[in-house]
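Here is the structure we will look at, set down as structure tokens.
Each reported figure results from applying straightforward, stated rules to the coordinates on display, with no laboratory input. The structure presented is a predicted model; accordingly, all values stated were derived computationally and were not measured. Note that we place each Cβ from the backbone using ideal geometry, even for glycine, and neighbour counts take in every protein chain shown.
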Amino acid sequence: MKLHDADVNSPLVTEWPFPTAAALGSSVRAKGIEREIKGNLSFPDRKHLTVDDGVIRLTFEPGEDHRLAEASKVVEQVLGGVDTLVVLPREVDDILTISPRERLKWTKDGRLKSAGTRTVKLRGRAKAVTFHVFDPRHIEDVQDRDLASVWRNEDAQTAVENRRRSAAKAALTRGAKEARKATAAKKRTGRRELNPTLREWDAFDAEGFLR
């Protein structure tokens, strides 16, 4: 924390370096950290906090020393635990450069390990929304090892294998169907041979074999 020296008529300013490492290289995560700080401040104090050029800044009017001190405690408390803030879904997508579909799939099959769920009521929606959140250390590990690329390749290979199996199954089904048709046709031909038509009996009679 850095306090600016000022005279009695100057604004009161306190600054902190933004925890860049905690953002994991994501602008979405950085905005999430900023929202977390503001969300912990009292509503009137939120407008006094800005984040710009890697600096978190609280600015109050002269004489508001008490408000500055109280707000500074809140900022320092959040910054003290910023490395453990859970990672939200949109942040995961941005950090790992993955699609929401991939995140949902990999969370469901356990490759992305959920750290629990949160339920929030979004403005404009009638129902609350529940979503998975993630431990920052786990997401950092996935990022460092480029596991998203590994999983994406695994999924592509699985898709190829599934298509091959589906094609083989479809071929067997068609073969069995054609075999049934051939058997049925053979049976119909056999019945015709055993049961001559009336026209054939007329030809047989014309030769005089029935007299």
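If a residue has to be among the β-branched types (Val, Ile, Thr) and either surrounded by 11 or more Cβ atoms within 10 Å (Cβ to Cβ) or in contact with a His (Cβ under 7 Å, 6 or more places away or on another chain) (or both) to count, how many in region 100-157 make the cut?
Residues that pass the stated criteria total 6.
Scanning region 40-53 for residues that are surrounded by fewer than 11 Cβ atoms within 10 Å (Cβ to Cβ) and in a helix (DSSP H, G or I), which turns out nearest to the chain's Cα centre (by Cα)?
Across region 40-53, the extreme among qualifying residues is Phe43.
For region 68-78, does any single residue satisfy the condition of being surrounded by fewer than 17 Cβ atoms within 10 Å (Cβ to Cβ), without any contact (Cβ under 8 Å) to a residue 40 or more places away in the chain and within 21 Å of Arg137 (Cβ to Cβ)?
yes
I'd like the full set of residues that are under 26 Å from Asp135 (Cα atoms) and touching a strand residue (DSSP E or B) at 6+ places or on another chain (Cβ under 7 Å), limited to region 49-86.
Gly54, Val55, Ile56, Val75, Leu79, Val86
Test Thr20 against the stated conditions and say whether it is within 30 Å of Ala148 (Cβ to Cβ), β-branched (Val, Ile, Thr) and surrounded by fewer than 16 Cβ atoms within 10 Å (Cβ to Cβ).
Here the answer is yes, as Thr20 does meet what is asked.
Pull out all pairs, ordered by first then second residue, where Cβ-Cβ is under 7 Å, the residues are six or more apart or on different chains, the first lies in region 118-146 and is on the phi < 0 side of the Ramachandran plot, and the second is among the polar types (S, T, N, Q) and surrounded by 11 or more Cβ atoms within 10 Å (Cβ to Cβ).
If the second residue must be among the polar types (S, T, N, Q) and surrounded by 11 or more Cβ atoms within 10 Å (Cβ to Cβ), the pairs left are His132/Thr107; His132/Ser114; Phe134/Ser114.
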